[in-house]
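In what follows, a single structure is set out as structure tokens and then discussed.
The values are calculated or read from the model by the stated rules, or taken from the named source; none is laboratory data. It should be emphasised that the depicted structure is a prediction, and the values quoted were computed from it without experimental measurement. No Cβ is skipped: glycine too gets one built from the backbone with ideal geometry, and neighbour counts run over all protein chains shown. SASA here: full protein model, heavy atoms, side chains in, ligands and nucleic acids out. Shrake-Rupley method; radii C 1.70, N 1.55, O 1.52, S 1.80 Å.
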Amino acid sequence: MENRKIVLQTEGIGKYFHDPVTFKVLDDVSFKAYSGEFLTLVGKSGSGKSTLLYCLSTMDTNYEGNLFINEEKITGQKADDLAMIRNKSIGFVFQFHYLLPEFSCLKNVMLPALKRKQYSMEEVEHRAFEKLKLLGLEDQALKPASKLSGGQQQRVSIARAIINDPDIILCDEPTGNLDSKNTELVFDTFYRITRDSGQTIIAVTHDLDFAKASDRTIELADGKIVSHHKSFN
Amino acid sequence: MKIKNVNLDIALTHIITRKRQTIVAALGVTIGIAIYLFMNSLSSGFTMYSRNEIFKNNAHIKIYKEDKTSTPLSYTTANEPLPILVNPQLLSESKKIINPNRLIEQLKEESSITHVFAQVNVDVFYNNGKTQLKGTANGVHILEADSMFDIASYMIAGDLNDLAENKNAIIIGKGIAENLNLRLNDNITVSSSFGVVKLLKIKGIFSTGNSFTDKAKSYIQQSTAQQFVKEDIAYVTTILANTKNQEASPQIAEKIQALTPYTVEPWQVTNADVLSGDLVRGTMMRAISLSILIVAAFGIYNILNMTVMQKLNDISILKATGFSGRDVITIFVTEALIMGAIGCLIGIGLGTLLILALANVYMGPPVGYFPIYFDASIFMKSFIIGMLVTFFAGFIPALKASRVDPVEIFRK
Ligand SMILES: Nc1ncnc2c1ncn2[C@@H]1O[C@H](COP(=O)(O)OP(=O)(O)O)[C@@H](O)[C@H]1O
Ligand SMILES: [Mg+2]
């Protein structure tokens, strides 16, 4: 694992919250994520997992330390450049799907690709359809996003996260709202993505089975990394 | 529907899926624009009407000899050791313009001047039996005067040509006819302060709509007027000139002033009171109509603000997946502009109907049809101002949307 390409790296990330009192929510977080790695982040509720994920996402820029993606320093870049980096290199899956309710599933999946303007409209449509197929949703493609079940919506949001073939997919409790069948489906998809196309997944999770099945698990406690490896008691 | 531009696509989808809000917002602009267009056309109509009134009686430029006031004090000189004090008073000099033909020839050469003619104004009394009215007789070549003032258009009886052919003819204002109880082809006694009395035949009656003018003004032949003041054929009191561009009259007057010692007065100076009235009315109309438009735009602001508040999730995920702040602004401003454009177009249609309805209201003489004026430029201006106001109404919520912090939203 160690001799593979480093896709994401943090150097001593620290972050404070000031409301209601100043406290250090992240403390000297340093780790590396490798291409094709399925990495899970675990820890008690309130340990700072989501906060760390938002720092990695480039959406939260208010931290100390450094963040690198594909060996490029991300920390300190301008908002518009960060938006472009997110568009190209990062996919997101949250506990909630955040689909645009007025658009069809297909259009929802297409949006990040349309923003990227790398492919023609027809190609984007074709690729989005392929991604939906990957998640077993080809029959739902033209339905409005709001008409799908919760599990289906979450799968559409995964298709959206991977439409631009990002190097990294960041997930915050992606199976938190799902039943066991959908959880399994999502996990399988993630597993396939990392194995087949060498993309990296960093997923915050509460689900110990989910964590156990991943390649590596980082455990956070009070904003610090307490273990880099699997150590489930 | 396949739209290449993804921001436009999102904006249109919001507009289409929120028809009710779109219609409400557009309707506000519709009413605002309709009123704006209507009021501005009214204002232009009133201004046009008042201009027409002015030009029934005024040339663009008037050249005359101004009354002089005697200087109150003659200063000490070597010859006159004592200063002399005199009460300031009007000097009773003749109003005669010397060598008018030379000036008229010079004016005719100016390319900016379209009409020039000389006039002899005489203060007279109109008499019928014991009744007497004071007024001014204008000694003119009536056809020249008609080409400037379009007198024929407000004649209510008689014919201008009768005056052109008859030295003893007179054309009088409607007020004179009514006050002296006179009709067409009646005789009227006209006397001047020089003791000349003439019996003239009424060959025409005009109504300018200005009761003051109609009660005092008459047209007679120039030679008849010269006889009233016991002067020869060279006697002229006023030179009138029209220009190609009435608004430029003050500048042209300034140029002419260099050619002559007499007073050269543009119509704007003669009618300063009317113009300032027009200005106040115009400003008020503009202010009111603009306020209504701004209130209408507030509707767009409100609805877009609401949309932004309801779409925090959508905005956040767009930003997360790589849409920049500028993209978000573009999306919401586009929505505002689409609502605004729909509102503006319907509003211009509605405004046009209002204008046409009023333009067909007959007010009776001397006004005729309701004075309302509109041309392409007023429509263009309404549309542009409508879109501008819409833009700002949309920009504020759009800016707010672009500043949404997705992290804050995702945490909830
Ligand atoms: N915006 C905020 N302001 C102040 N404190 C916050 C804010 N967001 C999160 N926190 C606090 O920071 C800590 C870490 O939160 P979070 O990263 O969401 O934990 P986790 O995802 O591990 O459950 C918690 O104690 C939480 O209450
Ligand atoms: Mg969390």
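Which of the residues in the stretch B:377-412 show a loss of at least 10 Å² in accessible area from their chain by itself to the complete set of protein chains, at a probe of 1.4 Å?
By number: B:P406, B:V407, B:F410, B:R411.
Report the A-B buried area as the accessible area lost on both sides summed, probe 1.4 Å, in Å² to the nearest 100. Before the final figure, lay out each step's value.
On the way: alone 11470 and 21770 Å², together 30820 Å².
Approximately 2400 Å², summed over both chains.
Which pairs break 25 Å Cα to Cα here: B:K95/B:K198; B:K4/B:K311; B:K311/B:K381?
Numbers: B:K95/B:K198 22 Å; B:K4/B:K311 23 Å; B:K311/B:K381 34 Å.
Beyond 25 Å: B:K311/B:K381.
Considering only DSSP beta bridges whose two residues both sit in the stretch A:13-172, what percent are antiparallel, to the nearest 5?
Working: 8 of 12 bridges.
Antiparallel bridges make up about 65 percent of those DSSP assigns within the stretch A:13-172.
Pop out the carbon and sulfur fraction of the accessible area of the protein assembly as shown as a percent, whole number, probe 1.4 Å. Intermediate results must be reported in sequence, preceding the final value.
Numbers: 17360 of 30820 Å².
After summing per-atom areas, the C and S share lands at 56 percent.
Along the stretch A:23-31, what does the Karplus equation 6.51 cos²θ - 1.76 cosθ + 1.60 (θ = phi - 60°) give for ³J(HN,Hα), rounded to whole Hz, x for Gly and Pro?
Each residue's phi maps through the Karplus curve to give 8, 8, 7, 10, 9, 6, 8, 10, 7 Hz.
Of all the C-alpha pairs in chain B, what % are more than 33 Å from each other?
On the way: 46999 of 84666 pairs.
The proportion of pairs with Cα distances above 33 Å equals 56 percent.
Quick check: convex hull of the Cα atoms in chain A, volume per residue, rounded to a whole Å³? Don't skip to the answer; put the middle values down first.
Numbers: hull volume 30.5 nm³, N = 233.
Output value, Cα hull per residue: 131 Å³.
Please figure out what share of the DSSP beta bridges in the stretch A:96-233 is antiparallel and state it in percent, rounded to the nearest 5.
Numbers: 4 of 9 bridges.
Approximately 45 percent, going by the DSSP bridge assignments.
Add +1 for every Lys or Arg and -1 for every Asp or Glu among the other residues with Cβ under 13 Å from the Cβ of B:T17, and state the total.
Numbers: positive: A:K107, B:R18, B:K19, B:R20, B:K311; negative: A:E102, B:D9, B:D314, B:E335.
Every neighbour counted, the sum reads +1.
Can you compute the equivalent ellipsoid semi-axes for the protein assembly as shown, i.e. the square root of 5 times each eigenvalue of the Cα gyration tensor, sorted largest first and rounded to whole Å? Numbers along the way, then the final one.
Working: eigenvalues 1634, 154, 69 Å².
Taking √(5λ) for each eigenvalue gives 90, 28, 19 Å, largest first.
List the residues of the stretch B:1-46 that lose 20 Å² or more of accessible area once all protein chains are present, compared with their chain alone (1.4 Å probe, heavy atoms only, no ligands or nucleic acids).
Correct list: B:K2, B:K4, B:V6, B:D9, B:I10, B:T13, B:T17.
Let me know the whole percent of all Cα-Cα pairs from the stretch B:325-389 that are separated by more than 13 Å. Display every interim value, and only then the final one.
Working: 1459 of 2080 pairs.
Here the long-distance tail beyond 13 Å is 70 percent of all Cα pairs in the stretch B:325-389.
Could you report the protein assembly as shown's accessible area per residue, 1.4 Å probe, as an integer in Å²?
Details: 30820 Å² over 645 residues.
For the protein assembly as shown, the solvent-accessible area averages 48 Å² per residue.
Could you compute the net charge surrounding A:H126? Neighbours are other residues with a C-beta less than 13 Å from the C-beta of A:H126; K and R count +1, D and E count -1.
Details: positive: A:R127, A:K131, A:K133; negative: A:E122, A:E123, A:E125, A:E130, A:E138.
Summing Lys/Arg as +1 and Asp/Glu as -1 gives -2.
Once you put a point 7 Å from the Cα of B:N185 and another 7 Å from the Cα of B:R20, both along the Cβ direction, what distance in nm separates them?
7.7 nm
What residues qualify as long-range amide H neighbours of A:A221, i.e. H under 5 Å apart, gap of 5 or more or another chain, H built at 1.01 Å from N?
When sequence neighbours closer than 5 places are left aside, the close amide H contacts are A:V226.
I'd like the residues of the stretch B:306-333 whose 1.4 Å-probe accessible area shrinks by no less than 40 Å² going from the isolated chain to the full set of protein chains.
Buried-area filter returns B:N313, B:D314, B:I317, B:A320, B:T321, B:G322, B:F323.
Under a plain spin-label model, where a point goes 7 Å from the Cα along Cα-to-Cβ, how far apart in nm are A:K212 and B:D232?
Placing both labels 7 Å beyond Cα along the Cβ direction yields 13.2 nm.
Please report the antiparallel percentage of DSSP beta bridges with both residues in the protein assembly as shown, rounded to the nearest 5.
Working: 61 of 89 bridges.
Bridges in the protein assembly as shown that DSSP calls antiparallel: roughly 70 percent.
Output the 0 to 90 degree angle, nearest 10, between the alpha-carbon long axis of helix A:180-197 and the longest principal axis computed from the alpha carbons of chain A.
Once rounded, the angle reads 80 degrees.
What is the calculated FRET efficiency for A:K143 to B:D405, with r their C-beta to C-beta distance and R₀ = 30 Å, to the nearest 0.05?
On the way: r = 31 Å, r/R0 = 1.04.
In this case the efficiency is close to 0.45.
What percentage of all Cα-Cα pairs in the stretch A:1-137 are separated by more than 25 Å?
40 percent
How much net charge surrounds B:Q227 when only the other residues with a Cβ under 12 Å from the Cβ of B:Q227 are counted, with Lys and Arg +1 and Asp and Glu -1?
Working: positive: B:K167, B:K198, B:K230; negative: B:E231, B:D232.
With Lys, Arg at +1 and Asp, Glu at -1, the neighbours total +1.
When a/c is below 1.5 the answer is rounded, else prolate if a/b is larger than b/c, else oblate, so apply that to the stretch A:109-174 with a ≥ b ≥ c taken from the square roots of the Cα gyration tensor eigenvalues.
Taking the square roots of the gyration eigenvalues as a ≥ b ≥ c, the stretch A:109-174 is oblate.
Can you give the FRET efficiency to the nearest 0.05 for A:E123 and A:D27, using r as the Cβ-Cβ distance and R₀ = 56 Å? Provide the component values of the computation, followed by the final result.
Numbers: r = 45 Å, r/R0 = 0.81.
Efficiency, rounded to the nearest 0.05: 0.80.
Give, in nm to one decimal, the length gained when the segment between B:A152 and B:Q257 is fully stretched (0.36 nm per residue of separation minus the Cα-Cα distance). Write out the running numbers ahead of the final one.
Working: separation 105, 0.36 × 105 = 37.80 nm, distance 3.14 nm.
Once the chain is fully extended between B:A152 and B:Q257, it gains 34.7 nm.
Rounding to the nearest 10 and keeping the result within 0 to 90°, find how far the Cα-based axis of helix B:100-109 lies from the longest principal axis of chain B.
Roughly 30 degrees between the two axes.
In nm, to one decimal, how far is the modelled label at A:S180 from the one at B:L358, with both set 7 Å along Cα→Cβ?
7.7 nm
With 24 Å as the limit, write out which pairs from A:K78/A:K107; A:K32/B:K412; B:K56/B:K244; A:K49/A:K73 have Cα-Cα distances beyond it, or answer none. All intermediate terms of the calculation are to be shown ahead of the outcome.
Working: A:K78/A:K107 28 Å; A:K32/B:K412 28 Å; B:K56/B:K244 16 Å; A:K49/A:K73 22 Å.
From A:K78/A:K107; A:K32/B:K412; B:K56/B:K244; A:K49/A:K73, over 24 Å: A:K78/A:K107; A:K32/B:K412.
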